[in-house]
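The next block holds one structure in the form of structure tokens; read it before the comments.
A short reminder: the numbers here are calculations on the coordinates, not readings from a lab. Being a predicted model, the structure only gives us computed values, none of them experimental. Quick reminder, even Gly has a Cβ in these numbers, built from the backbone with ideal geometry, and neighbours come from all protein chains shown.
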There are 2 protein chains.
Amino acid sequence: MSARLQTPEEYEKLLHQYDTWLFDCDGVLWRGDHLIEGVIEVLDLLRRRNKKVVFVTNNATKSRKSYKTKFDVLGVEAHVDEIYGSAYAAAVYISSVLQIPKEKKVYVIGQSGLEEELANEGIQFLGGTDPADNTLEPFDLGTFTRDPDVAAVVCGLDMKINYTKLSKAFQYLTQNEDCHFIATNEDSTYPSHAGLLPGAGSISAPLRYALGRDPVYTGKPASTMLDCVKAKVHFDPKRTIMVGDRLNTDIQFGKNGGLATLLVLTGITSVDEVTGPDPSPIVPDFYTDALGDFRIVEKAT
Amino acid sequence: MSARLQTPEEYEKLLHQYDTWLFDCDGVLWRGDHLIEGVIEVLDLLRRRNKKVVFVTNNATKSRKSYKTKFDVLGVEAHVDEIYGSAYAAAVYISSVLQIPKEKKVYVIGQSGLEEELANEGIQFLGGTDPADNTLEPFDLGTFTRDPDVAAVVCGLDMKINYTKLSKAFQYLTQNEDCHFIATNEDSTYPSHAGLLPGAGSISAPLRYALGRDPVYTGKPASTMLDCVKAKVHFDPKRTIMVGDRLNTDIQFGKNGGLATLLVLTGITSVDEVTGPDPSPIVPDFYTDALGDFRIVEKAT
């Protein structure tokens, strides 16, 4: 059973219990380009109480650096080293876990943010935003020169997805021996300012289906993302809480990591999925309407 | 157990047993643009023996009419009314089974062949080859005008697949009430002249994943395709044989329709999948190296 937070004491208890607060961003802090009410005050409250604040996003189209400008524009305090994205997690996974040799390359289906994170980790890549691969011209396998140094394909949300990129990635994954298959995240949809569009998990779907195998996912709910946070931030899982709006990514991510979980209803999940007659099997420890609800503790004092 | 055809008598027996011969094309008659040896002679042999010959292809990029030019170019005798394609089956399914009203429209992910077959059935459509939808420019849901008359989305192999098409299709399937989801076929790969590329099933994979539901498939192995053949050709399933190179499409299609099945090894399936230590659960009644093997009956007489 998920506990609905209601009284000032209940919110206060969570503030006492948890030292590290992990936040999903879209649907928790903002919706598209609109800040959600009370978010700035609650983040300030946490910082004043010396809580560690970490932002964990599956958005792989932006690097941490360019994602920080989103916080700046909306007036939300954040530091680059508090931000963890699935593109960053993919780059760290390739360099630290797979440890592919420096002369090897990664074929990218994704946008500039993914490329930036790979470059930061010193990983050579091709594809991505290369104009040659951003085309609707026919792809001719007969004239394609496969690069034997491609040791991995990494796939994130790519709004310039096309048949050339899919075909090249498929070639690398079937023809280059032991070529690794990595996807930033498995979100089926992406919340644009005007509504849902196909997400990163939908962009990798053609490859998954054509290959008949799944990639290693680096974003939530995969533990790869939490491993990235752990490598930089010291925290006690027992005193850490994950706040998110998606059950199958954010809340599952917290559960996989042994963290407490708090669902907010400002994003994709409706209260029915928690309390309805046919609830989700993924049960958050706590839920509340919005992050801004924590302001009640200040009004109460 | 699948029976390997070997002696002239065994081939002759099949010629006696079956009056109607259904053929897959790519991997059976030709590979890409190369005719497979002996095909013309064997098709001539069947016609001389008054067999009904039917060609059943999952290729949805061509209409039956334009597919016939492929036969012409390679010198294979065929008539338009002997050719059944998954695009044709999709159009017939929409007009005859769904019977969507004439003022309603279909949103197309696919190429000109699919559009031609829809037009032949008098179905209004949008998307497809429309230059406005064949773009890599960003898709903005906020400025998108959804057509309330779209009652179905049909998805075939589309080598100009892009985020705009996927996003529009996703909108229609989630926002237009009772919008039907149809895919021409579920082939994961497509055999191009130089090797395998992502197939029609991979093109619909993003939508299937984003929606969390499957389309109605009209191509092999779905019975929709056989229903289309049945509507035009009279045949006795007990005296009909399906000849193909793919176990999970062609052979399964024959089995679903209660037909005899013959696998040829000139396409995608290797003999290991039939006789190896870990054979496929889809077992053809007969198999032979190539369609041309039937020439043995003429040499024997």
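Quick notes on this structure:
- Reducing the stretch B:249-301 and the stretch A:24-80 to their Cα centroids gives an inter-centroid distance of 60 Å.
- Using the Cβ-Cβ distance between A:D81 and B:D149 with R0 set to 51 Å, the FRET efficiency from 1/(1 + (r/R0)^6) comes to roughly 0.50.
- Note on the stretch A:1-79: lysine pairs with Cα distance below 27 Å, sequence gap of 8 or more or different chains, count 11.
- DSSP beta bridges in the stretch B:142-275 [antiparallel fraction, %, rounded to 5]: 30 percent
- Calculated from the alpha-carbon coordinates, the protein assembly as shown shows an Rg and a Dmax of 27.8, 103 Å respectively.
- Hydrophobic, long helices, defined as DSSP H runs whose alpha-carbon span along the helix axis is 15 Å or greater and whose mean Kyte-Doolittle value is at least -1.0, occur in chain A at A:163-175.
- Proximity of backbone amide H atoms, modeled 1.01 Å from N, is registered between A:T189 and A:G199 at under 5 Å, excluding neighbours fewer than 5 places apart on the same chain.
- Dividing the C-alpha radius of gyration of the stretch B:1-155 by 2.2 N^0.38 Å, with N its residue count, gives 1.35.
- Of B:K165/B:K232; B:K105/B:K220; B:K160/B:K232; A:K230/B:K165, those spanning more than 31 Å from alpha-carbon to alpha-carbon: B:K165/B:K232; B:K160/B:K232; A:K230/B:K165
- DSSP beta bridge pairing in chain A, given as percent antiparallel to the nearest 5: 15 percent
- Radius ratio Rg over Rh of chain B, counting only Cα atoms, Kirkwood formula for Rh: 1.00
- In nanometers and ordered shortest first, the copy-to-copy spacing of the B:H79 label point, defined 7 Å from Cα toward Cβ, is 8.1.
- Net charge dipole size for the stretch A:178-257 [Lys, Arg +1 and Asp, Glu -1 on Cβ; Debye, nearest 20]: 240 debye
- The rotation axis bringing chain A onto chain B passes closest to the chain A residue reported with its distance as A:A205, 2, by C-beta distance in whole Å.
- Temperature 20 °C, viscosity 1.002 mPa s: under these conditions the Stokes-Einstein estimate for the stretch B:17-97, based on its Kirkwood radius over C-alpha pairs, is 161 µm² per second.
- Cβ-Cβ FRET estimate between A:D19 and B:S95, R0 fixed at 60 Å, reported to 0.05: 0.40
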